[in-house]
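The values are calculated or read from the model by the stated rules, or taken from the named source; none is laboratory data. Since the structure is predicted, the reported quantities are computational estimates derived from the model, not experimental observations. Cβ: placed from backbone, ideal geometry, glycine included. Neighbour counts: every protein chain shown. We work out accessible area using only protein heavy atoms, side chains counted, and drop any ligands, DNA or RNA first. Shrake-Rupley method; radii C 1.70, N 1.55, O 1.52, S 1.80 Å.
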Amino acid sequence: MLVPCFLYSLQNRKPSLYGSLTCQGIGLDGIPEVTASEGFIVNEINKKSIHISCPKESASSKFLAPYTTFSRIHTKSRVLEGHVFDVNCCRFFPSGLVVLSGGMDAQLKIWSAEDASCVVTFKGHKGGILDTAIVDRGRNVVSGSRDGTARLWDCGRSACLGVLADCGSSINGVAVGAADNSINLGSPEQMPSEREVGTEAKMLLLAREDKKLQCLGLQSRQPVFLFIGSDAFNCCTFLSGFLLLAGTQDGNIYQLDVRSPGAPVQVIHRSGAPVLSLLSFRDGFIASQGDGSCFIVQQDLDYVTELTGADCDPVYKVATWEKQIYTCCRDGLVRRYQLSDL
């Protein structure tokens, strides 16, 4: 059996090198015996993964198969009904018992994961909500909208505590992170509401449709930096108190240092497909793109881990829980990967 094989270098945009994998049979231990061509090497193989490298191009990837694929999850699960039109985003509160969702109806809703009841609805945005972030344990939440605003909400009183930013352009992604002590977040012009909880010493990151990545103090509302990228920013996340990632529509992943944001630390480009999600993971990150690729980059490993199975369908979102990684894809499947298989 012949299988096409090609590897990407994370930053090298030279043409891809193609080769093939040939299965010579199955060993006594049930593991396929595979050989490679065109300078590729099969470093390791087991029932769930295969590690291939190309020393000539200094490229190395481990391809990991899903442990479980959930094909009927939408027919067997509890339904949270209440939004009008599409639901763009949802996430669990830290308790794991409550869910926050945002939709094209310009509403935010909080749901009980135990009985599917909607306990809170936030209204105030004038356009669809594209992303959310939870502040600390969840007494406050942040939303980003197509109306160009980011808002801070009080969950206990179902009230908007203020407009954090008015960008004049859709906010596709938001992230909240604790700031390193060396970063000047500025001072608020007005005394913060007593209903603001956990906003001090926090940064708010906004991935904008107008090719701009904006960072501001969550409590102060004062600007920290504004970075212009190659295309619309779709998503963003913090790696630490001063390092962050942001992904664009044309496939670039920018790593920036908040202390010197004028030039990126590095720009990772795997393909021209849109970067749809970014998630901090161990000492690296997980990224997914519109061409079905989903990969893990870790500083202590000399290879990239590829999460396979999606083929060419976009992988919209990635989540982790304990020793498992979950992905959701346009093909309607949720895939679970075991970290132990890494």
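Take the solvent-accessible surface of the protein heavy atoms, probe 1.4 Å, and return the percent of it on the chain that carbon and sulfur atoms account for.
On the way: 8340 of 16720 Å².
Looking at the chain in its full context, I get 50 percent from C and S.
With every protein chain in place, what's the accessible area of Arg195 (1.4 Å probe, Å², nearest 10)?
The value for Arg195 is about 60 Å².
Sorted by accessible area (1.4 Å probe), largest first, how do Met104, Met203, Met191 line up? Please list the in-between numbers first.
Working: Met104 60, Met203 0, Met191 175 Å².
Ranked from most to least accessible, the order is Met191, Met104, Met203.
Compute the semi-axes of the equivalent ellipsoid of the stretch 87-269, taking the square root of 5 times each eigenvalue of the Cα gyration tensor, and list them largest first in whole Å.
Square roots of five times the eigenvalues give 26, 19, 15 Å.
For the stretch 283-335, report the accessible area per residue in Å² (1.4 Å probe, heavy atoms, rounded to an integer). Numbers along the way, then the final one.
Details: 2390 Å² over 53 residues.
Solvent-accessible surface per residue comes out at 45 Å².
Mind checking the log10 I(q)/I(0) for the stretch 185-342 at q = 0.10, 0.12, 0.15, 0.18 Å⁻¹? Debye, one equal scatterer per Cα, no solvent, two decimals.
Relative scattering, expressed as log10 I(q)/I(0), comes to -0.40, -0.57, -0.83, -1.09.
So with the 1.4 Å probe, I'd like the accessible area per residue for the stretch 216-267, rounded to whole Å².
Values: 1800 Å² over 52 residues.
Result: 35 Å² per residue.
Between Asp29 and Thr121, what is the label-to-label distance in nm when each label sits 7 Å out along the Cα-to-Cβ direction?
With each label point 7 Å from Cα toward Cβ, the separation is 5.9 nm.
Kindly report the accessible area of the stretch 60-102 per residue (heavy atoms of protein chains, probe 1.4 Å, no ligands, DNA or RNA), in Å². Don't skip to the end; give the middle numbers.
Values: 2890 Å² over 43 residues.
Value for the stretch 60-102: 67 Å² per residue.
Beyond 27 Å between alpha-carbons counts as too far, so tell me which of Lys48/Lys109; Lys202/Lys317; Lys48/Lys323; Lys211/Lys317; Lys109/Lys211; Lys47/Lys323 fall in that bin.
Details: Lys48/Lys109 39 Å; Lys202/Lys317 24 Å; Lys48/Lys323 16 Å; Lys211/Lys317 21 Å; Lys109/Lys211 29 Å; Lys47/Lys323 18 Å.
Distance filter (> 27 Å) returns Lys48/Lys109; Lys109/Lys211.
Hey, in the GNM for the chain with a 10 angstrom Cα cutoff, which one of Gly25, Gly144, Gly127 fluctuates hardest?
Gly25
Suppose the Debye formula is applied to equal point scatterers at every Cα of the stretch 160-210; what is log10 I(q)/I(0) at q = 0.18, 0.28 Å⁻¹?
-0.74, -1.25
Gaussian network model of the chain, Cα springs within a sub-10 Å range: biggest mean-square fluctuation belongs to which of Pro274, Pro55, Pro15?
Result for the chain, Cα springs under 10 Å: Pro15 fluctuates most.
Checking a compactness column here: for the chain, what do you get for Rg(Cα) / (2.2 N^0.38 Å), N being the number of residues? If you can, show how the numbers build up before the last one.
Working: Rg = 21.5 Å, N = 342, 2.2 N^0.38 = 20.2 Å.
Taking N as the residue count of the chain, the ratio is 1.06.
Based on the alpha carbons, how large is the Rg to Rh ratio for the stretch 205-286 when Rh follows Kirkwood?
Working: Rg = 11.9 Å, Rh = 12.6 Å.
Dividing the radius of gyration by the Kirkwood radius yields 0.94.
Could you grab the relative contact order for the stretch 87-269? Cα pairs under 8 Å, six or more apart, rounded to a whole percent. Please report the intermediate quantities before stating the final value.
Working: 506 pairs, mean separation 23.2, N = 183.
Over the stretch 87-269, the number comes to 13 percent.
Which distance in Å, rounded to a whole number, links the C-alpha centroids of the stretch 254-324 and the stretch 86-136?
25
In the full protein assembly as shown, how much of Arg146 is accessible to a 1.4 Å probe, in Å² to the nearest 10?
Here the accessible area works out near 130 Å².
Per residue of the stretch 218-227, what does 6.51 cos²θ - 1.76 cosθ + 1.60 with θ = phi - 60° give for ³J(HN,Hα)? Whole Hz please, x for Gly and Pro, Karplus curve as stated.
5, 7, 7, 6, 8, x, 10, 7, 9, 10
Enumerate the amide H contacts of Gly103 below 5 Å, restricted to partners 5 or more residues apart or on another chain; note that Pro and chain-start residues carry no placed amide H.
The answer is Asn88, Ile129.
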